[in-house]
Amino acid sequence: MIEDNKIALRPLEASDRKAFALLANNRNIWNNVRNRMPHPYTEEDADEFILLASSPDGPTIRAITLDGTLAGVIGLHPGQDVYEGTAELGYWIGEPYWGLGLASAAVKEMISIGFQKLNLRRIFASVYDYNVASMRVLEKNGFEKEGVAKAAVLKNGKVFDEVKYGLLP
């Protein structure tokens, strides 16, 4: 485990493009995220995502850093229409940084941002049933398992269940 004070969240910057693309261009990461994240992942894809992250009306996205080095990304994607005041939490950690506690620390900080700065009433997340590590991260941060959507996900040509989590302030 690493100390929390070595982990920081900060806005993504144009200078992150190379490191971002290098980390994101990994099949093991892509297997746990939605297909809208391209694979293979290029520096041009990173440019597009960094631009999205800097949009004032878009999601709240932060770089996860370890000792100042980009290690992953976390975001709160705001709900629309009747879901106003809620946000979906999404995150990924670069494989070289797996098992160090970065995801748990980043989720803890993002929860604080969501409830204290964005005044959300609910944060939710969805995890593919085989991603036990991500489920542990959410549960360690107080998320409650709200249900399982059976056969909800088609990933890599296979059907999986989707586990739904929620957190209230």
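Here the strands (runs of 3 or more DSSP E) wholly within segment 58-169 that include at least 3 residues being within 20 Å of Pro11 (Cα to Cα) are 60-66, 69-78, 86-93. Residue under question is Lys117, and the condition is that it be charged (D, E, K, R), surrounded by 14 or more Cβ atoms within 10 Å (Cβ to Cβ) and more than 25 Å from Asp161 (Cα to Cα); does it hold? Here the answer is no, as Lys117 does not meet what is asked.
For segment 16-48, the tally of residues that are among the small types (Gly, Ala, Ser) and either in contact with a strand residue (DSSP E or B) (Cβ under 6 Å, 6 or more places away or on another chain) or surrounded by fewer than 18 Cβ atoms within 10 Å (Cβ to Cβ) (or both) stands at 1.
Screening segment 128-154 for residues that are in contact (Cβ under 8 Å) with a residue 60 or more places away in the chain and in contact with a helix residue (DSSP H, G or I) (Cβ under 9 Å, 6 or more places away or on another chain) and picking the one that is surrounded by the fewest Cβ atoms within 10 Å (Cβ to Cβ) gives Tyr128.
Each value in this text was obtained by applying a stated rule to the coordinates, not by laboratory testing. For clarity, every value in this text was computed on a predicted model and none was experimentally measured. As a convention, Cβ positions derive from the backbone with ideal geometry for all residues, glycine included, and neighbour counts pool all protein chains shown.
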